[in-house]
Number of protein chains: 2
Amino acid sequence: MSLRYALLALLRVGPLSGYDLQKQFHQSVGHVWHAPDSQIYPELRKMEQLGLIVGEEQARGERGTRRMYHVTDAGDQAFLDWMAAPLEYQRVRDPAHLRAAYLETTTPDAAHAFLQQHIVQWTSELAQWTGELARIDAVTNPMLARRLAVTPEKDRERTIAYKRFAYEGLVERAEAEIAWARRGLDLIARMS
Amino acid sequence: MSLRYALLALLRVGPLSGYDLQKQFHQSVGHVWHAPDSQIYPELRKMEQLGLIVGEEQARGERGTRRMYHVTDAGDQAFLDWMAAPLEYQRVRDPAHLRAAYLETTTPDAAHAFLQQHIVQWTSELAQWTGELARIDAVTNPMLARRLAVTPEKDRERTIAYKRFAYEGLVERAEAEIAWARRGLDLIARMS
DNA sequence: CAGAACATGTAAATCGTTACATGATTTC
DNA sequence: GAAATCATGTAACGATTTACATGTTCTG
């Protein structure tokens, strides 16, 4: 359900085609809420049916077309309502910690490989997020730049501060996962 | 898909009825991998069809029945294979950090309420997990006690160490989320 | 004999993943 | 004219949620 609001957040800055939206999505909000293209396009159609956005069909070359999506007042309000409503938390469902609780059932090699992979996985996420933090600081992120362009001077600082805040949390999370996995590797070494 | 292996992990310790399994589940692995009863019972049936477990129908009083489930060799092997296989990581999908990235679009009050709720949420998870850690140390958790009873002396230390390791990671995660939200509250105070 | 605990689900809807599918236009 | 990029999906399946549904047996 959050996909809808992630998309609205992007479109509120200014109209985008499905394709451009999808690209911006993967470069910004997609780091926090993954969705494949095959979910984005249908969701846009659904949002259009609900009147949250309107799609304006545009010609492109001889035969091609593309739809530019604009947020409607209803869509804007839906986003603001979501922001003001209590967040629906998902239940914990954490395969890595599930497996960690049963590491004694497998070989030290397999346990080692699992934690190594955990480090690889989170190192990759960490790189994404530190990269995004750097782009926030340099105002290199295209969505952020567009957003700041339509933001009154006095609100720019807040916009940047909250973006930083969000990504800092993710960076800390990744660092903690890596530190945890390293401790696990030490534990395996001691136990075997 | 991990639900299957969470259930196998419990059943490998010894046979349980669906009902007992469901209770043990919510008191142990359920803290790491949530599933409602309405998912557990059908999954058990599916696992039985796949030959991973066998259900033995038992009379209970005059008319009642219950199914005791045993892990088959195939089920045991499936669990060990899963433990040895690379873990399938889920894509990031984090509504709290998504919302955090857009806190400037709402009122300071709503932003404040959101982070307060985040603290409440993670404080509750934290309590679950520190409680579980305490039960691990006291060997009060019934599943752990049963598991240790069928574990050779020399492996008990490892079993406990890995359980601790898994829950320590979760405790740190919860503490980090709380610390992050507190920093967010400071930020809101400074920004408004 | 009432209430708690035992015992086991089904149905409908939504969400998300994976694989597949197609064609147009711009750029070198 | 080939490759990259633009542009937009569908179909099938599996996972998850939510709500509903029902009856039995033990304990005080």
- Task: Starting from the Cα of B:D37, move 7 Å in the Cα-to-Cβ direction to define the label point; list residues of the range B:7-23 whose amide nitrogen is under 13 Å from there.
- Result: B:18-23
- Message: About the Cα centre, and with charges only on the beta carbon of Lys, Arg (+1) and Asp, Glu (-1), how big is the dipole of the range B:2-84? Nearest 20 debye, please.
- Response: 220
- Query: So what is the relative contact order of the range B:1-105, in percent, for Cα pairs below 8 Å that sit 6 or more residues apart?
  - Reply: 29
- Query: In terms of the Cα gyration tensor, with a ≥ b ≥ c the square roots of its eigenvalues, is the range B:2-84 rounded because a/c is under 1.5, prolate because a/b exceeds b/c, or oblate?
  - Reply: oblate
- Query: Could you give, in nm with one decimal, how far A:Q117 is from each other copy of that position, shortest first, with labels 7 Å out from Cα toward Cβ?
  - Reply: 3.6
- Query: Which of A:K23/B:K163; A:K23/A:K163; A:K46/B:K23; B:K23/B:K46; A:K46/B:K46; A:K46/A:K154 have a Cα-Cα distance over 30 Å?
  - Reply: A:K23/B:K163; A:K46/B:K23; A:K46/B:K46; A:K46/A:K154
- Segment B:R66-B:L80, extension gain: residue separation times 0.36 nm, minus the distance between their alpha carbons: 2.3 nm
- Note on the structure: In chain B, helical segments from DSSP H whose Cα atoms cover 24 Å or more along their own axis and that average at least -0.5 on the Kyte-Doolittle scale are B:108-138
- Nearest-to-axis residue of chain A, judged by beta-carbon position, where the axis maps A onto B, in Å: A:A176, 3
- Query: Just going by the charge dipole of the range A:108-192, with Lys and Arg at +1 and Asp and Glu at -1 on Cβ, which of A:T159, A:L115, A:L185 is farthest out on the positive end?
  - Reply: A:T159
- Label-point separation (nm) for A:Q128 and B:D109, each offset 7 Å from Cα along Cα-to-Cβ? 3.6
- Query: What relative contact order, as a whole-number percentage, does the range A:58-181 give when Cα pairs under 8 Å and 6 or more residues apart are counted?
  - Reply: 28
- Fewest to most neighbouring Cβ within 10 Å: what's the order for A:E175, A:E168, B:E177? A:E175, A:E168, B:E177
- Message: Starting from the 7 Å offset along Cα-to-Cβ, what nm value, one decimal, do you get for the label separation of A:M191 and A:A145?
- Response: 5.0
- Task: Treat the count of other C-beta atoms within 10 Å as a stand-in for reagent exposure and order B:K46, B:K23 from fewest to most.
- Result: B:K46, B:K23
- Using the beta-carbon distance between B:K46 and B:R164 and R0 = 35 Å, what value does 1/(1 + (r/R0)^6) give for FRET efficiency, to the nearest 0.05? 0.60
- Query: Between the range A:1-70 and the range A:113-166, what is the C-alpha centre distance in whole Å?
  - Reply: 21
- Note on the structure: Copies of A:G51 compared via label points 7 Å along Cα→Cβ give distances in nm, shortest first, of 5.7
- Put a label point 7 Å from Cα along the Cβ direction on A:A138, then list its distances to the equivalent points in the other copies in nm, shortest first. 5.4
- Message: Run the simple label-point estimate for B:R93 and B:D155 please: 7 Å along Cα→C-beta, distance reported in nm.
- Response: 3.5
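Since every read-out is calculated from the coordinates, none of them should be taken as a lab result. Predicted model only: the values in this text are computed from it and were never measured. Because the Cβ atoms are built from the backbone with ideal geometry, glycine has one as well, and the counts that use them run over all protein chains shown.
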